[in-house]
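The values are calculated or read from the model by the stated rules, or taken from the named source; none is laboratory data. On a predicted model such as this, the values are computed, not experimentally measured, just so you know. Neighbour counts are summed over all protein chains in view; Cβ atoms, including those assigned to glycine, are modelled from backbone coordinates with ideal geometry. SASA here: full protein model, heavy atoms, side chains in, ligands and nucleic acids out. Shrake-Rupley method; radii C 1.70, N 1.55, O 1.52, S 1.80 Å.
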Amino acid sequence: MSLTSKSSRLNISKVFSILILVGVLCLPSAESRNVKVLKIKTSIEYPAISCRKHSAVLTEFGGVGDGKTLNTKAFKSAIANLSQYASDGGAQLIVPPGKWLTGSFNLTSHFTLFLHKGAVLLASQNEEDFPLIDILPSYGREQNFTDGRYASLILGMNLTDVVITGNNGTIDGQGAPWWNKFAKGLLKATRPFLIEILHTTQLQITNITLTNSPSWHIHPIYCSNVVIQGLTILAPVKVPNTDGINPDSCINMRIEDVYIVSGDDCIAIKSGWDQYGIKYGMPTKQLVIRRLTCISPKSATIAIGSEMSGGIQDVRAEDITAFNTESAVRIKTAPGRGGYIKDIFVRRMTLKTMKYVFWVSGAYKTHVDDGYDPNALAEINNVNYMDVVAENVNITGSLSGFAKDPFTGFCISNATITLSETAKKLQWNCTDVQGVSNNVTPKPCDLLPQKDTRCSFPEEKLPIETIRMNTCSVKWF
């Protein structure tokens, strides 16, 4: 046999083998239907005060993430179901990517709400999806809102060990209809917040974005052992009352690494209003604020008050940055508030384009009703500002206390303020205050005389600073 014929037969054999192999790989789909295809399983780690033994996904309870289907029943059903595991390691509800329209719903104890990246909780714009709830005992009922107040989108009361977190999922309050009705005086109840947690210990809110709340974004009240960290909060700068975070009658709390754009105070520290706050008597104290960045052209980076009738004490704020914001750390109260603001410590502020740097007022005259005692005057004492750099400022300082009860113990040291082209000629306006200053430019008013001193800032840690997070995980298929 010739070499040529042998070569031909070998080539034919190779071609035939290839055809057989291709045929095997390309068998009809009917022959492969019984083969189970495994989806890739991933695990996302996140820090939390507590990890959970049990886990569920919102879709298991009828959730539909199309941005149109109302998921209030799905959230309520899921949380009710998972609450049974509170005494067995707790449970977490996973919200997957999608747009999840919902009305108000309540959380439970030993529970985590986890929002995946790409998950957006959309607040319903229908008032009927936000029930009216009891007024806050430390606030009373505002005269203009006879129906009381609407429930927040996410609500919790009398709970233990609650976590709201994610890998930067979003809660969108879709607040525009509420803002419009408020501006026109059409609401008979106060607008809902995005998150309000009451009477709760061990609360964590971390690693999510909140935006466009009808009113305040986060309101922990009557709580203890609270960690708020790694948040982005965004609201239109022209819409009032869209505060970022409002710690209210809370003890042992830390707020860190947050970026806030707001039409009102970025952080507002409170403890009740007038006679109601005085009677309830629950202060905010042991609060740490670190690495806050704020933009708020109409309000404060950090406001202390004006609702402070239960008292505010031991607030420590450091490494604060503000751009295009009305004021830095502002203290505000009024005759009728009572209570106290004392032991306030602020250091390392970097400020650019500000109306005021130091602003303290005893004439913030809003009241819940006419039942307050005008002789109930707040005690303001031991307020420290140090290491401040501010650029493009209109007014360096405006400090006004009560003529019958001056504000005392102010200390400002190592502060350099550069003025704007439109700065006021009178850079300091001080009445009924007492304190000292050192190395401050422009030169402070005579009521803050120069003294060779450095303002104080406590170095010992608060209990909330010693809390260590666990490394938890959620699985995704």
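With θ taken as phi - 60° and the Karplus curve 6.51 cos²θ - 1.76 cosθ + 1.60 applied, the whole-hertz 3J(HN,Hα) list for the range 135-148 is 5, 6, x, 8, 10, x, 9, 5, 4, 7, 10, 5, 7, x Hz, x standing for glycine and proline. For G310, the residues whose amide H sits under 5 Å from its own are S271, G272, ignoring neighbours fewer than 5 places away on the same chain, with H placed 1.01 Å from N. Computed on the range 235-389, with alpha-carbon pairs under 8 angstrom and 6+ residues apart, the relative contact order is 21 percent.
Relative contact order for the range 364-477: 24 percent, from Cα pairs under 8 Å spaced at least 6 residues apart, divided by residue count.
Membrane-span-like helices in the chain (whole DSSP H runs, Cα extent of at least 27 Å along the helix axis, mean Kyte-Doolittle hydropathy of at least -1.0): 3-25.
Per residue Cα convex hull volume for the chain, in cubic angstrom?
Per residue, the Cα convex hull of the chain comes to 226 Å³.
Here the range 104-244 carries DSSP beta bridges of which approximately 5% are antiparallel, counting only pairs with both residues inside. Using the alpha-carbon positions of the range 158-227, Rg (one decimal) and Dmax (whole number) come out as 13.9, 40 Å.
The P(r) of the range 316-458 has a tail past 24 Å containing 29 percent of all C-alpha pairs. Taking amide H as placed 1.01 Å from N in the peptide plane, the amide H of S398 sits under 5 Å from that of F358, W359, V360, N429, each at least 5 places away or on another chain.
Among the trypsin sites (Lys or Arg not before Pro) found in the range 105-193, those both in a DSSP coil and sparsely packed, with 15 or fewer other Cβ atoms within 10 Å of their Cβ, are K117, K184, K188. Our coupling estimate for the range 363-372, obtained by passing each phi through the Karplus curve with A = 6.51, B = -1.76, C = 1.60 and θ = phi - 60°, is 10, 8, 8, 5, 9, 5, 7, 8, x, 6 Hz, Gly and Pro reported as x. Under 12 Å of direct C-alpha separation, and excluding same-chain neighbours fewer than eight residues apart, K298 reaches these aspartates and glutamates: D243, D264, D265, E326.
Per residue, the solvent-accessible area of the range 200-264 (1.4 Å probe, heavy atoms of protein chains only, all protein chains present) comes to 21 Å². Here the Karplus curve 6.51 cos²θ - 1.76 cosθ + 1.60, taken at θ = phi - 60°, turns the phi angles of the range 221-227 into couplings of 9, 6, 10, 9, 6, 10, 10 Hz, with x standing for Gly and Pro.
Among the chymotrypsin sites (Phe, Trp or Tyr not before Pro) within the range 59-113, not one is in coil by DSSP while having at most 13 neighbouring Cβ atoms inside 10 Å. Our analysis of the range 138-292 gives Rg over Rh at 0.95, with the two radii drawn from alpha carbon positions and Rh computed by the Kirkwood formula.
The longest part of the chain holding none of the exposed loop GluC sites (Glu not before Pro), meaning those outside H, G, I, E and B in DSSP with at most 10 other Cβ atoms within 10 Å, is 1-420. Counting only DSSP beta bridges whose two residues both lie in the chain, roughly 5 percent are antiparallel.
For a straight C-alpha distance cut-off of 20 angstrom, the aspartates and glutamates reachable from K117 (same-chain residues fewer than eight places away being disregarded) are E45, E60, D66, D172, D257. Summing Lys and Arg as +1 and Asp and Glu as -1 over all other residues whose Cβ lies under 11 Å from the Cβ of A86 gives a net charge of 0. Distances between placed amide hydrogens fall under 5 Å for C472 paired with Y46, A48, all partners being 5 or more residues away or on another chain. When all alpha carbon pairs of the range 302-343 are counted in 10 Å bins from zero, the resulting P(r) reads 25, 49, 24, 2 %.
Annotation: per residue accessible area for the range 373-467 equals 53 Å², rounded to a whole number [probe 1.4 Å, protein chains only].
Mean silhouette area of the range 190-237, derived from the convex hull of its C-alpha atoms and averaged over all directions, reads 3.6 nm². Expressed as a whole percent, the accessible area of the chain that falls on carbon and sulfur atoms is 52 (1.4 Å probe).
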